[in-house]
Amino acid sequence: MLRFKVLASVVPLLVAAVFARGDFLPGARPCVAIGEGSVQITSLPWQAQSHVSFTRDPAHATVRVQLTDNAEAADFAVLDDVDSSEASACTVNPATRFVAISASPSASEPVIYLSQNGPADYRIFVRSTRFSARDAAALIVGARGAPQRLAAAF
């Protein structure tokens, strides 16, 4: 009976630990290595240090991200390299920051307007089978944050 009680108390703890780390989700999630750490997209909102959302209305955006056709003009470029894969470039460690994409905008979190035209706070170039343009925009805003806008003088 004691073994059953121990088993009954340990199994939920193990399940909670796996669930908290997000290891139950298969496959790699979009991420970028930055210095000693990385920024990674997560689908678990409680795991994320920051949240972003997207809008189709530029008037509601706090960050504008432009998709460019030229990698040299971009602030952030994502290209798939079919010859090599650096799977260890984004290993999860204590310095990893997680970003969640929210379905509904929040006044305290960045709201991204993604477009083909300027003006833009960030410019991204994406040619990838693993990253979407939304993933790349969320990663750059999650890594750099929303730009500080100057207050109107009048």
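Whenever you get a sec, compute what percent of the accessible area on segment 33-84 sits on carbon and sulfur atoms (1.4 Å probe).
49
With a sphere of radius 13 Å drawn around the Cβ of residue 49, what net charge do the other residues whose Cβ falls strictly inside it have (Lys, Arg +1; Asp, Glu -1)? Combined, the nearby Lys, Arg, Asp and Glu give 0.
Estimated at 0.36 nm per residue, the fully extended path between residue 34 and residue 108 surpasses their Cα-Cα distance by 24.2 nm.
The values are calculated or read from the model by the stated rules, or taken from the named source; none is laboratory data. As the structure is a prediction and not an experimental result, all values here were calculated from the model. In this analysis, Cβ positions are derived from the backbone assuming ideal geometry, glycine residues included, and neighbour counts consider all displayed protein chains. We work out accessible area using only protein heavy atoms, side chains counted, and drop any ligands, DNA or RNA first. Shrake-Rupley method; radii C 1.70, N 1.55, O 1.52, S 1.80 Å.
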